[in-house]
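The values are calculated or read from the model by the stated rules, or taken from the named source; none is laboratory data. Fair warning: this is a prediction, and the values are worked out from it, not measured in the lab. Positions of Cβ are generated from backbone atoms using ideal geometry, with glycine treated the same way; all protein chains shown enter the neighbour counts.
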Amino acid sequence: MNRSIILFISIYLLLISCKQNQYADTVIYGGTIYTVDSTNSIVEAVAIKDGIIFKIGDYSDIKIFINSNTKEINLFGKTMIPGFIEGHAHIMGTGYNLKNLDLLSTSSYDEIIQIVKEKSESTPEGEWIIGRGWHQDKWKNSPEKLLRGFPTHNKLSEAVPNHPVYLRHASGHASLANEKAMELFDINKNTKEIEGGEIFRDISGNPTGIFNETAQGLISPPENNFEDHLVALKLANKHAIENGITTFHDAGSDFKDIRAYKELAKNGQLDLRLVIMLNGNNDSLLSHYYKKGPEIGLYNNHLTIRSIKLYADGALGSRGAWLIEDYEDAEGEHGHIVTPVETLKKITKEGFINGFQICTHAIGDMANREVLNIYSQHLEEGNNHRFRIEHAQHIDLVDIPRFKALGVIAAIQGIHMSSDRPWAIDRLGKQRIVDSAYPWQKLYQSGAMIINGTDAPVEPINPLPSFYASVSRKTLNKTPLGGYEPGEKMSRELALRSYTINGAYAAFEEDIKGSIEINKLADFTILDKDIMIIEEDEILDTNVEMTIIGGKIVYDKNIVSSILKK
């Protein structure tokens with residue numbers, strides 16, 4: 001009898017347990033939910049259990065999984081999409097841009113000088129002032145003295161003579177130093193040039209303060225310590241989730257960066273899921289990881305390290321992008337290859353042999369061609385190595401089909417077209433702009449995989465302006481009417497996929513994220529407008545209402561707003 005009672009109780013408890021396991025931890029309903037699955041379906045509700053998507057479908061079918069312990073999130077007509085995946089940006093750069101001087105929104109050299117001068121007044125004499133984000137082609141008023149389109153240090157040095165100042169260009173491919181900074185590193189007219197870069201000089205041979213590409217390394221402000229790194233990473237994490245980003249592809253990390261990621265993740269302070277590219281210029285880092293092998297899905301899928309970041313050329317704005325033909329506005333100039341071809345070949349081969357994905361920065365058409373040539377030595381049609389070209393900004397027509405043929409992913413940034421196109425025509429000329437600059441539809445029609453991002457802190461991290469630029473081909477001032485080269489616009493479906501499931505594919509993660517499907521991670525972005533149907537220009541007025549990662553609300557605009565009001 002006792003044995004029968006025990007068996008009965010055991011079966012009863014098991015049945016209760018099984019019933020409890022059928023209930024969801026969270027159910028989201030009451031709005032438009034885009035799944036971004038293979039059929040681009042729209043559902044009414046999503047149920048989450050243990051951070052995983054448990055059920056999706058009509059609310060009437062989902063509500064049976066609700067009990068008294070289930071958290072219910074009513075969208076009240078808002079829109080939910082898979083969490084935005086930032087396809088190419090710099091997590092530590094984003095954090096330090098928030099920690100130091102953020103110059104992204106500046107519109108003149110005088111404004112920058114004033115910001116630096118104000119900072120100097122609260123900074124002990126002799127200490128460095130660091131900033132990033134200026135872009136001379138975006139200034140409304142140009143300084144009186146320009147050399148090759150760039151400002152000179154003189155006015156800055158006069159305003160701030162007692163602090164070394166180092167201000168990185170928005171692109172990260174050039175920097176402006178004041179006289180004090182150059183004095184500390186003995187930079188003068190006798191300083192020799194460095195391969196892959198250039199010190200801009202006046203007619204007398206004196207440095208103007210502009211250091212292009214690899215020449216930036218001639219000035220090295222004091223290195224940030226580990227505590228600085230943690231502060232910057234926390235700032236970047238917070239900033240990213242406030243903008244609806246759930247996964248962040250970081251384009252180049254070193255030992256100290258990775259240590260910071262692991263420190264925050266281990267302590268449960270890293271909301272973002274980070275996909276890390278190793279800095280390909282760091283031989284000891286690469287050697288370490290060749291022995292160790294890729295690290296995949298650490299800390300409950302919050303950290304993956306399986307890629308290597310290389311640089312083939314510089315940026316278009318500083319005429320560092322490597323072109324086949326001369327720059328339209330600088331006869332005889334072709335830009336720079338910033339890493340020797342033999343080095344690119346060597347690291348690509350070693351990375352390939354050791355199981356790492358190769359991701360190479362290439363903006364100019366010659367850089368894209370050379371990188372495809374290097375990749376072709378290891379890739380063939382039907383491969384699944386998913387090598388990437390970061391930016392893929394200007395591609396000769398004959399090279400576009402090679403992306404599909406080699407399985408190479410085009411990691412573009414829609415916002416770069418919006419910011420750069422008004423002046424990029426001066427660099428490339430009309431024919432190259434029309435044929436092969438920002439050729440998104442040509443890439444897509446050829447069968448290439450396209451992912452999207454912002455390249456923050458080169459551009460603000462918010463995905464919505466980049467989404468807008470992708471579908472409109474307009475500047476953020478909503479010009480020109482009809483957009484630049486409108487035939488290259490992305491459809492809204494393609495733009496959304498480029499920011500979600502395609503980004504997951506580019507990190508070998510399409511089985512666990514990037515779409516709202518059963519058994520995938522519950523990573524979502526909730527918007528106050530339906531970006532798939534609203535008027536095009538309204539996309540810029542859309543806000544992130546909530547960010548959910550692993551079923552957990554990590555950002556809620558309403559809560560933040562109520563705190564601010566208090």
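Okay, here's what the table says:
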read-out	value
Within region 288-344, considering residues that are among the charged types (D, E, K, R) and closer than 20 Å to H361 by Cβ, the one modelled with the lowest pLDDT	R319
Among the candidates T475, T542, T479, T525, residue that is under 18 Å from the mean Cα position of the chain (by Cα) and either more than 30 Å from T106 (Cα to Cα) or of a type outside the set (F, W, Y) (or both)	T525
Residue in region 505-521 that is small (G, A, S), in contact (Cβ under 8 Å) with a residue 24 or more places away in the chain and within 14 Å of I28 (Cβ to Cβ) present	no
Strands (runs of 3 or more DSSP E) within region 157-253 that include 3 or more residues out of contact with any His (no Cβ under 6 Å at 6 or more places or on another chain) and among the β-branched types (V, I, T)	245-253
Set S171, S157, S175: member being crowded, with 18+ Cβ neighbours inside 10 Å, within 21 Å of P460 (Cα to Cα) and modelled with pLDDT of 90 or more	S175
Helices (runs of 4 or more DSSP H) wholly inside region 489-566 containing at least 3 residues that are surrounded by fewer than 17 Cβ atoms within 10 Å (Cβ to Cβ)	557-565
Test for S68: is it modelled with pLDDT of 90 or more, more than 28 Å from the chain's Cα centre (by Cα) and surrounded by 13 or more Cβ atoms within 10 Å (Cβ to Cβ)	no
